[in-house]
1. Is it possible to state the helix-based mean residue ellipticity at 222 nm for chain A, with each DSSP H run of 4+ residues giving -39500 (n - 2.57), the sum divided by total residues, to the nearest 500 deg cm²/dmol? What is it?
2. Inter-copy label distances at B:ASP65, 7 Å along the Cα→beta-carbon direction, one decimal in nm, shortest first?
3. Ranking A:ASP142, B:ASP14 by Cβ neighbours within 10 Å, fewest first, what do you get?
4. How many angstrom lie between the C-alpha centres of the stretch B:78-92 and the stretch B:179-233?
5. How far apart, in nm, are the 7 Å Cα→Cβ label points at A:ASP188 and A:LYS234?
6. Just the number, please: Stokes-Einstein D of chain A in µm²/s, Kirkwood Rh from C-alpha pairs, 37 °C, 0.692 mPa s.
7. Return, for the Cα atoms of the stretch A:28-127, the radius of gyration and Dmax in Å, separated by a comma.
8. Along Cα→Cβ, 7 Å out, is where each label goes; now give me the distance between the ones at B:THR213 and B:SER278 in nm to one decimal.
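A short reminder: the numbers here are calculations on the coordinates, not readings from a lab. All values reported here derive from a predicted model rather than from experimental measurement. As a convention, Cβ positions derive from the backbone with ideal geometry for all residues, glycine included, and neighbour counts pool all protein chains shown.
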2 protein chains.
Amino acid sequence: MVHSSLLEAVQFCDKYPYVFEKTEKQPVAFKHDDALLGQILPNVISALTEYNNSVSPSPFKIEPDLVTFANWVDTFDKRTEVMKVLADTWRERKLFPVLEGWRNELYPIYGHHDLVFVMERAATPLFGVSTFGCHLNAYVTDNEGKIHMWVARRAKTKPTWPGMLDNCVAGGISYQYRIKDTIVKECDEEASIPAELASKARSTNVISYYTFTDGGLQPETEYIFDLELPQDFKPTPKDGEVDCFYLWPLEKVKESILNQEWKSNSALVAIDFMIRHSYITPDEEPDYIKISYHLHRKLEFPTPIRK
Amino acid sequence: MVHSSLLEAVQFCDKYPYVFEKTEKQPVAFKHDDALLGQILPNVISALTEYNNSVSPSPFKIEPDLVTFANWVDTFDKRTEVMKVLADTWRERKLFPVLEGWRNELYPIYGHHDLVFVMERAATPLFGVSTFGCHLNAYVTDNEGKIHMWVARRAKTKPTWPGMLDNCVAGGISYQYRIKDTIVKECDEEASIPAELASKARSTNVISYYTFTDGGLQPETEYIFDLELPQDFKPTPKDGEVDCFYLWPLEKVKESILNQEWKSNSALVAIDFMIRHSYITPDEEPDYIKISYHLHRKLEFPTPIRK
């Protein structure tokens with residue numbers, strides 16, 4: 001076992017510090033109209049300062065503890081264009097490996113009252129902006145009433161977490177997509193689950209955590225859906241993102257999480273499922289409350305505005 | 001409608017400030033071995049100081065920003081005795097109205113590694129200690145698959161929230177009781193649900209929030225259970241705590257919450273149920289994420305240690 005407990009497994013994902021020591025340097029706040037949009041690490045600040053000094057007029061105002069847009073960057077369109085040119089430039093110059101995983105997906109960045117701009121998904125960790133996705137737990141109830149979960153094995157060619165275990169279906173929520181529509185679309189693309197079946201997916205929860213990788217900071221929120229599949233339906237890979245699917249009892253799901261075989265945030269989704277379906281219970285799991293805190297971290301960024 | 005949104009309804013319960021203004025006076029921390037056990041309001045600090053000066057040896061060490069036990073109060077038994085004598089004294093002197101609701105139930109107060117002491121339930125708000133309870137959502141699925149919730153009307157004679165709506169069953173978790181056993185016991189006492197049926201209750205979640213009343217501060221954690229009842233079973237009052245039960249569609253549950261007809265923390269339990277059962281969804285509820293934050297507040301107090 002690599003994780004000694006489920007608490008360790010959730011802390012392996014929700015690992016951004018809750019409290020900084022006074023001697024530790026915190027990332028720089030990226031703000032707009034008093035809303036915290038993101039947090040930027042020192043290496044990105046260096047690159048951003050260099051870039052900002054090389055273009056005229058400079059698109060950002062960079063202070064020691066604060067990055068904001070320059071005064072002339074005063075509309076949604078201008079902010080979006082500034083972020084696009086910056087990401088394109090860094091991508092061409094191969095400045096950050098994370099940009100090699102370019103997605104051609106635009107993610108919305110929200111302020112307190114409005115959408116501030118949209119930006120390429122692959123660049124979001126460089127600015128530590130809050131992103132939103134959806135994950136689906138597909139499961140089967142056997143004739144004895146016992147739950148088995150469909151678990152995906154990620155393709156070995158995926159740029160992130162290759163070959164690791166994952167939820168049956170997951171996806172980011174792009175600009176202007178509805179959450180339920182995103183789940184139905186991803187069900188088809190990733191697991192060949194037809195829309196008629198996928199539309200029975202039920203929204204059941206939301207989890208939030210703050211993680212980071214070599215690529216940058218990732219405060220993330222995932223809307224959770226459950227879909228009970230008929231015993232005779234088998235999800236099958238379609239778009240090449242998934243290698244294969246397994247139908248596992250929850251004992252094996254838990255064991256594989258402790259064995260660190262899962263993509264770290266997807267393990268949180270499976271743990272939340274096991275809590276809601278009474279497989280992880282407070283009388284048996286000593287860290288039940290602490291696990292719940294890590295599944296529901298209060299992020300200081302604005303939440304989506306849907307109009 | 002008294003609450004303009006579900007967010008307002010959850011904030012009506014989880015209302016202890018998240019951030020204090022620098023000019024605001026915070027309650028005084030009650031600590032043991034670096035663990036925050038509780039938080040004490042100024043009026044209680046005054047009474048505690050007076051009491052502490054009147055007995056010898058003084059059981060507490062009272063500093064401007066910190067209350068701890070005096071050095072001689074160095075065991076579980078001594079701490080429990082000190083708290084008992086104090087609560088009995090204040091009750092006799094009728095110093096705090098909250099003590100008139102005496103329960104004869106001992107609540108456990110945890111430190112980081114051990115149980116620190118146990119104390120009378122009615123006195124817990126005076127010390128702002130973290131308490132733990134369990135709530136049960138009882139529901140029925142009709143022939144069309146639609147969910148109806150059993151809602152309790154609290155007795156008009158209850159000292160707190162008389163005549164308000166409540167979850168079908170709820171109870172505090174006393175010292176040395178298991179959570180599931182507490183639910184089964186309360187199912188019988190409050191709703192005449194026999195153990196055979198009640199034992200089918202499934203643990204599904206935990207919620208946490210920090211509220212306060214005239215009686216004091218209440219950081220609380222509630223373990224949530226769901227129990228699907230047969231269509232032909234009707235819960236009935238037994239111990240006089242409940243006036244009657246209603247079987248309501250979720251539309252009516254939501255409406256009555258917005259109409260402020262519910263005990264404030266029990267509304268959170270019903271909202272969590274409606275989220276998990278896909279009645280409240282992120283595509284329709286604009287405050288979905290913020291509501292979730294308030295249902296899962298990270299409390300700074302130690303969590304239970306079960307041995």
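1. Computed mean residue ellipticity for chain A: -8500 deg cm²/dmol.
2. Output for B:ASP65: 1.8 nm, nearest copy listed first.
3. In order of increasing Cβ crowding within 10 Å: A:ASP142, B:ASP14.
4. 29
5. So the two model labels end up 2.3 nm from each other.
6. Reported coefficient: 160 µm²/s.
7. 12.6, 35
8. 3.7
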